[in-house]
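A.B. asks: Below: one structure in structure tokens.
The values are calculated or read from the model by the stated rules, or taken from the named source; none is laboratory data. Keep in mind that this is a model prediction, so the values were computed, not measured. Ideal geometry is used to build each Cβ from the backbone, glycine not excepted, and the neighbour counts take in all protein chains shown. In case anyone asks, the SASA skips ligands and DNA or RNA and just uses the protein heavy atoms, side chains included. Shrake-Rupley method; radii C 1.70, N 1.55, O 1.52, S 1.80 Å.
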Amino acid sequence: MDADTLLFFEGHMGALPLYEKLEEQILTDIDNVRIKVQKSQISFYNKHMFACVSFARVRKKKDCPENYIVVTFGLEHKADSFRIDIATEPYPNRWTHHLLISDLDEIDEELIGWIKEAAEFAWQK
């Protein structure tokens, strides 16, 4: 864990294990990944950004657990799942999805499948 990542999680240290598991899965399952830590998000790139982690507000504060991360990824289509908190189509056939993750078990095959699909979509742009 580098200093920039630790600084990103300052004030949210309870969410760090969620990020660590997600990062490990992404780096294990997807080739040629670069990670960029910014003030408001940690982005995952191949040719282009395909996913990011943030603390974006995707639910009302009262509906948010104490420790969580928001995982955002882009697909060519809208993923249909109760797990998706917000899905928008900023450009034709380019859907941005936001999921709130608060439990390690939520970093599962379905989520990683979407992220792998997003990485392939980004690579083809």
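A.B. asks: Tell me which of these Asn93 doesn't satisfy, since it passes every other one: (1) modelled with pLDDT of 95 or more; (2) over 21 Å from Met1 (Cβ atoms).
C.D. replies: Tallying (1) modelled with pLDDT of 95 or more; (2) over 21 Å from Met1 (Cβ atoms), Asn93 fails exactly one: (1).
A.B. asks: While we're here: Lys78 passes all but one of (1) at pLDDT below 95; (2) in a loop (DSSP other than H, G, I, E, B); (3) over 13 Å from the mean Cα position of the chain (by Cα); which number fails?
C.D. replies: All conditions pass for Lys78, except number (1).
A.B. asks: Still on this model: Could you list, in sequence order, all residues of the range 105-125 that are touching a helix residue (DSSP H, G or I) at 6+ places or on another chain (Cβ under 7 Å) and either open to solvent by 50 Å² or more (accessible area, probe 1.4 Å) or not aliphatic (A, V, I, L, M) (or both)?
C.D. replies: Matches in the range 105-125: Lys116 only.
A.B. asks: So which residues in the range 68-104 are open to solvent by 70 Å² or more (accessible area, probe 1.4 Å) and farther than 18 Å from Met13 by Cα?
C.D. replies: Listed by number, the residues that qualify are Glu76, His77, Lys78, Asp80, Phe82, Glu89, Pro90, Tyr91, Pro92, Asn93, Arg94.
A.B. asks: Looking at the range 40-55, which of its residues are part of a loop (DSSP other than H, G, I, E, B) and open to solvent by less than 40 Å² (accessible area, probe 1.4 Å)?
C.D. replies: Of everything in the range 40-55, just one residue is part of a loop (DSSP other than H, G, I, E, B) and open to solvent by less than 40 Å² (accessible area, probe 1.4 Å), namely Asn46.
A.B. asks: Do any residues in the range 103-125 that are in contact (Cβ under 8 Å) with a residue 12 or more places away in the chain and of a type in the set (Lys, Arg) have Cβ atoms under 7 Å from those of residues that are open to solvent by less than 70 Å² (accessible area, probe 1.4 Å) and in a helix (DSSP H, G or I), where the two are at least six apart or on different chains, and which pairs are they?
C.D. replies: Lys116/Asp29
A.B. asks: For Val58, work out the one condition from (1) open to solvent by 30 Å² or more (accessible area, probe 1.4 Å); (2) part of a loop (DSSP other than H, G, I, E, B) it doesn't fulfil.
C.D. replies: Single failed check for Val58: (1).
A.B. asks: If you check Val37 against the conditions, is it among the hydrophobic types (A, V, I, L, M, F, W, C), surrounded by 15 or more Cβ atoms within 10 Å (Cβ to Cβ) and touching a helix residue (DSSP H, G or I) at 6+ places or on another chain (Cβ under 8 Å)?
C.D. replies: Values: among the hydrophobic types (A, V, I, L, M, F, W, C): yes; surrounded by 15 or more Cβ atoms within 10 Å (Cβ to Cβ): yes; touching a helix residue (DSSP H, G or I) at 6+ places or on another chain (Cβ under 8 Å): yes.
Yes, satisfied.
A.B. asks: Using the structure shown, decide if Glu20 is within 13 Å of the chain's Cα centre (by Cα), within 22 Å of Glu106 (Cα to Cα), surrounded by 13 or more Cβ atoms within 10 Å (Cβ to Cβ) and free of Cβ contacts under 8 Å to residues at least 24 places away in the same chain.
C.D. replies: yes
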